[in-house]
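First comes the structure, then the notes that go with it.
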Amino acid sequence: MIVMRVHVVSDVHGNARDLARAGDGADALVCLGDLVLFLDYADHSRGIFPDLFGTENADLIVELRTARRFEEARELGRRLWAGVDRAAVTEKAVRAQYAELFAAFPTPTYATYGNVDMPTLWSEYAGPGTTVLDGERVEIGGRVFGFVGGGLRTPMRTPYEIDDEEYAAKVEALGEVDVLCSHIPPEVPELVYDTVARRFERGSRALLAAIRRTRPRYALFGHVHQPQVQRMRVGATECVNVGHFASSGRPWVMEW
């Protein structure tokens, strides 16, 4: 008999409409980050970047990044942002998105940060029904969930990227959990390769080591929008990419 039903989402990227329904029928919602939509790689007209600089510039920067011409992409960015108070403009746009997205969270929601999120703002928007966790544990329906937010350093230089050592310390702080929740995947080639972007995203060796050592029931994550493999077993653990919610609009369902 099912006693608990938890819905899990990741990579919301501005999809407030579907987020408002993501908890329907569930006892709790878990969100693994990337609420902000800065630039939609599937539709270059959507996001903070094209709102500011137009779709043609969005097309160009996606082309450069996809080709891994990161220095050229950064130079384009420097030219576009010249004379603009980047921090103030970005924060204003992110605040507008957070106001809508956090209002869409059901009660209870358990959430952690993605690499494009701005953690310093979350406390202003997370209501009493939303619990924000990063390097922390919580019990949901008798199972212990551990949360690790953010991403690792990349040439993309997204807002919440941290050093490998700092990330590993957060993983270590969790100890043994039943469900290991993170924004980025463990460092497994099939789980970190994006088949559309045609590149390996950064996964965490610390997560992989913890999975092998502590053997949680599940390791749940997002970050890679079109993974080569959506789920696979690593030892006793079912590793699941819970999906690119911005495009699917469907939560991943866990029942026990």
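Here are the numbers for this structure:
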quantity	calculated
Test result for T154, over 30 Å from G23 (Cα atoms), surrounded by 14 or more Cβ atoms within 10 Å (Cβ to Cβ) and touching a residue at least 40 places away in the same chain (Cβ under 8 Å)	no
Pick from segment 20-70, criterion of a type in the set (S, T, Y) and in a helix (DSSP H, G or I), ranking: most open to solvent (accessible area, probe 1.4 Å)	T55
Candidates G222, G203, G243, G235, filtered to the one that is at positive phi and open to solvent by less than 30 Å² (accessible area, probe 1.4 Å)	G243
Unmet criterion (only one of (1) of a type in the set (D, E); (2) over 18 Å from L220 (Cβ atoms); (3) more than 19 Å from the chain's Cα centre (by Cα); (4) surrounded by 13 or more Cβ atoms within 10 Å (Cβ to Cβ)) for E176	(2)
Only one of P185, P159 that is more than 20 Å from A219 (Cβ to Cβ) and either among the β-branched types (V, I, T) or touching a residue at least 40 places away in the same chain (Cβ under 8 Å) (or both)	P159
Criterion violated by M4 - all others in (1) closer than 26 Å to W122 by Cβ; (2) in contact with a helix residue (DSSP H, G or I) (Cβ under 6 Å, 6 or more places away or on another chain) satisfied	(2)
Residue satisfying all of: in segment 138-151; assigned to a loop (DSSP other than H, G, I, E, B) and in contact with a strand residue (DSSP E or B) (Cβ under 8 Å, 6 or more places away or on another chain); most open to solvent (accessible area, probe 1.4 Å) among these	G141
Meets criteria (in contact with a Phe, Trp or Tyr (Cβ under 6 Å, 6 or more places away or on another chain), open to solvent by 20 Å² or more (accessible area, probe 1.4 Å) and free of Cβ contacts under 8 Å to residues at least 24 places away in the same chain) for V132	yes
Single unsatisfied condition, T107 versus (1) closer than 21 Å to L220 by Cβ; (2) touching a residue at least 60 places away in the same chain (Cβ under 8 Å)	(2)
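Residue-wise test of (1) at pLDDT 95 or above; (2) under 22 Å from E255 (Cα atoms); (3) over 17 Å from the mean Cα position of the chain (by Cα); (4) of a type in the set (F, W, Y).
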position: Y113; (1), (2), (3), (4): yes, no, no, yes
position: T120; (1), (2), (3), (4): yes, no, no, no
position: G141; (1), (2), (3), (4): yes, yes, yes, no
position: Y160; (1), (2), (3), (4): yes, no, no, yes
position: Y167; (1), (2), (3), (4): yes, no, no, yes
position: E201; (1), (2), (3), (4): yes, no, no, no
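The values are calculated or read from the model by the stated rules, or taken from the named source; none is laboratory data. Only a predicted model underlies this, so the values are computations on that prediction, with no experimental measurement involved. Neighbour counts run over all protein chains shown; Cβ positions are idealised from the backbone, glycine included. Areas reflect the complete protein model, heavy atoms only, side chains present, ligands, DNA and RNA absent. Shrake-Rupley method; radii C 1.70, N 1.55, O 1.52, S 1.80 Å.
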